[in-house]
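Just below is one structure, and these are the notes that go with it.
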Amino acid sequence: MKIGIVIKNYAVGEIFDKSGMPNKSGAEFHAENHGKLFIKNGHTVYLMTKKSHLLTKDRETLNGIDVVRLHAPFRWLESILRLYTTHKNTDAFYILGIPRFAVWIIKAAQWQHKPTTLVLTSSVEIFDKNENWRNRVFAQCDNFIATSQEIADGLVNKTGIDRSRVHLIPHGIDATHRFYPAEPEEKVTLRKELGLSPEHPVVLFCARVAPNKGVRVMLDAWRIIHKQRPDAQLLVVGGGLTTLLKEIKKVSRTEADNTIFVTGEVEKPDNYYRMSDIYIFPSEFEALPTTLIEAMGCGLACVASDIGGCRDVILPGKTGFLADKHDAAGFAAHILRLLDDKALREKTGKAARELAVSKLDYQVIAKPILDVISKKPEE
């Protein structure tokens, strides 16, 4: 099967913006990982996206994916021309989000009688099909994939899509080869390499360092935790706002006895999960957070905000714990309980790992996704 992935931005050429925030979005990670997943399963993949920067190439191959960048102001025309020339005979279209130029690809697919699947990975992408003509075209897609129950419900209740066309499928992780628990000896080695104490527990925050990821709630929680467990260490992994990164370092230095370790942006977070014991994720809004399910895959006991897709995977008291997104004391209470009860920590982490392997691994989600995108509902 020849699959065309459509996404607003992809490999824009700049790692960070002026504020220090990473440019690569979650949807871009999904496009890359699912493209590689489709190729692994024997399919041919290309990707159409915007050309946003002068120095990015018009066309190149990245990770085995043929990436085509469409030029403003005629992206709609270029996309249609390519579907009848360089990228003809496409069997299925996999559209991530709601990029404006994608409506013309949807119309071209309809003319060619090819199935289109719209994938929503954020609740902010839920749209009202009666709001404008573009939304009406998006609503004409054959299939819809929602990565969280909240998004699936929004597509039915707000957009008005028949529930039979909405499929709840997580975007997944590689819980087999990348995100898996470390053996005790390896955990010690990884901590020593980073300068962390092998004997003292490590709480991990791994996400963009931005206000909407709950960084200040995390810091308030740590102030409480540090007073009761001064031996615990907080590892902050991820790039973000320069001002916030400086604030975290200042709190560590002046209020937390240098127990907060900040790495900045890292290319692969795998080993940071594997050297940790507990994961804290106080984000303000999420669909299905990739970092949370990566932590679960690595067998961490997780404490996350009671929002969106976190509710889909965190079963309170079994696979983790939920707290109100603004309640620093609530986060601190759950984490202190896990720090003080090693058996509970290990039991919770094991259950989280089992859920990740059985429900979230790429090997599990590949067939359902391919089954959905390859079919047009019977007219």
Check your understanding: Filter segment 78-123 for residues that are free of Cβ contacts under 8 Å to residues at least 12 places away in the same chain and among the hydrophobic types (A, V, I, L, M, F, W, C); which is farthest from residue 159 (Cα to Cα)?
Key -> 81
Practice item. Select from segment 305-340 the residues that are within 14 Å of residue 283 (Cβ to Cβ), part of a loop (DSSP other than H, G, I, E, B) and either touching a Lys or Arg at 6+ places or on another chain (Cβ under 6 Å) or modelled with pLDDT of 95 or more (or both) and list them in ascending order. Key: 306, 307, 309, 314, 324, 325, 326, 327
Check your understanding: Under 7 Å by Cβ, and 6 or more places apart or on different chains, what pairs join a residue from segment 163-183 that is polar (S, T, N, Q) with one that is assigned to a loop (DSSP other than H, G, I, E, B)?
Key -> none
Practice item. Please indicate, with yes or no, whether at least one residue in segment 181-191 is buried (at least 16 other Cβ atoms within 10 Å of the Cβ) and more than 26 Å from residue 341 (Cα to Cα). Key: no
Practice item. Report, by residue number, each residue of segment 243-272 that is more than 22 Å from residue 295 (Cβ to Cβ) and assigned to a helix (DSSP H, G or I). Key: 243, 246, 247, 249, 250, 251, 253, 254, 255
Review point. If you check residue 353 against the conditions, is it surrounded by fewer than 17 Cβ atoms within 10 Å (Cβ to Cβ), in contact with a helix residue (DSSP H, G or I) (Cβ under 9 Å, 6 or more places away or on another chain), over 20 Å from residue 166 (Cα atoms) and not assigned by TED's automatic domain parsing to the domain that holds residue 117?
Key: no
**Study point:** Pair list, Cβ under 6 Å, 6 or more apart: segment 259-287 residue basic (Lys, Arg), other residue surrounded by fewer than 23 Cβ atoms within 10 Å (Cβ to Cβ)
**Key:** 274/182
Check your understanding: Considering only residues of segment 341-379 that are assigned to a helix (DSSP H, G or I) and basic (Lys, Arg), which is farthest from residue 312 (Cα to Cα)?
Key -> 342
Point to revise | Yes/no for residue 89 being in contact with a strand residue (DSSP E or B) (Cβ under 8 Å, 6 or more places away or on another chain) and of a type in the set (S, T, N, Q) | key: yes
Review point. Is there a residue in segment 222-234 that is within 21 Å of the chain's Cα centre (by Cα), surrounded by 23 or more Cβ atoms within 10 Å (Cβ to Cβ) and part of a helix (DSSP H, G or I)?
Key: no
Check your understanding: Would you pick out the residues in segment 118-159 that are within 19 Å of the chain's Cα centre (by Cα), among the β-branched types (Val, Ile, Thr) and surrounded by 16 or more Cβ atoms within 10 Å (Cβ to Cβ)?
Key -> 119, 121, 126, 145, 147, 151
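Return yes or no: is residue 214 modelled with pLDDT under 95 and not basic (Lys, Arg)?
Numbers: modelled with pLDDT under 95: no; not basic (Lys, Arg): yes.
Taking the combined requirement at face value, the residue does not satisfy it.
The values are calculated or read from the model by the stated rules, or taken from the named source; none is laboratory data. If you're wondering where the values come from, they're calculated on a predicted model, not measured in any experiment. With ideal geometry, Cβ positions are generated from the backbone for all residues, glycine too; neighbour counts draw on all protein chains shown.
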